[in-house]
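Quick notes on the structure that follows.
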Amino acid sequence: MNDMESMVVFLILYSILIVFDLIPMIRKKDKKALFVAVPVYILTLTADIMLSFGANLPSPSKFIGNIVTSIIH
């Protein structure tokens, strides 16, 4: 799949997620869930589009490992 095809697939999938997940949250006025969901969707969509164009993103495993280590000691 080339860059444009994968970006179109991502946009279609995120459109489906918005219709079936975010719009019901907006109608229910669930502000706590929206406070988490909207930034996560924006970050993951941005990362997916960057990856479709060949960007080399760092792995989050070291960051997550540091957080877990600091919590557990």
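Mind telling me which of the residues Ser61, Ser52 ends up being in contact with a helix residue (DSSP H, G or I) (Cβ under 6 Å, 6 or more places away or on another chain) and among the small types (Gly, Ala, Ser)? First the steps, then the outcome.
Values: Ser61 fails: in contact with a helix residue (DSSP H, G or I) (Cβ under 6 Å, 6 or more places away or on another chain).
Every option except Ser52 fails the conditions.
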Failed condition for Asn66, given (1) in a helix (DSSP H, G or I); (2) polar (S, T, N, Q); (3) within 16 Å of the chain's Cα centre (by Cα); (4) exposed (fewer than 12 other Cβ atoms within 10 Å of the Cβ), with all others met? (3)
Reported set for the range 22-36 where residues are closer than 25 Å to Met50 by Cα and surrounded by 14 or more Cβ atoms within 10 Å (Cβ to Cβ) is Leu22, Leu34
For the range 1-59, please list each of the helices (runs of 4 or more DSSP H) lying entirely inside it that holds at least 1 residues being among the acidic types (Asp, Glu) and over 13 Å from the mean Cα position of the chain (by Cα). 3-17
Can you pull out every residue in the range 37-63 that is open to solvent by 90 Å² or more (accessible area, probe 1.4 Å) and at pLDDT 90 or above? Ile42, Leu43
Positions within the range 7-16 being without any contact (Cβ under 8 Å) to a residue 40 or more places away in the chain and surrounded by 15 or more Cβ atoms within 10 Å (Cβ to Cβ), in sequence order: Tyr14
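The values are calculated or read from the model by the stated rules, or taken from the named source; none is laboratory data. Keep in mind that what you see is a predicted model, and the values were worked out from it rather than measured. Heads up, the Cβs are rebuilt from the backbone with ideal geometry, glycines too, and the neighbour counts pull from every protein chain shown. We work out accessible area using only protein heavy atoms, side chains counted, and drop any ligands, DNA or RNA first. Shrake-Rupley method; radii C 1.70, N 1.55, O 1.52, S 1.80 Å.
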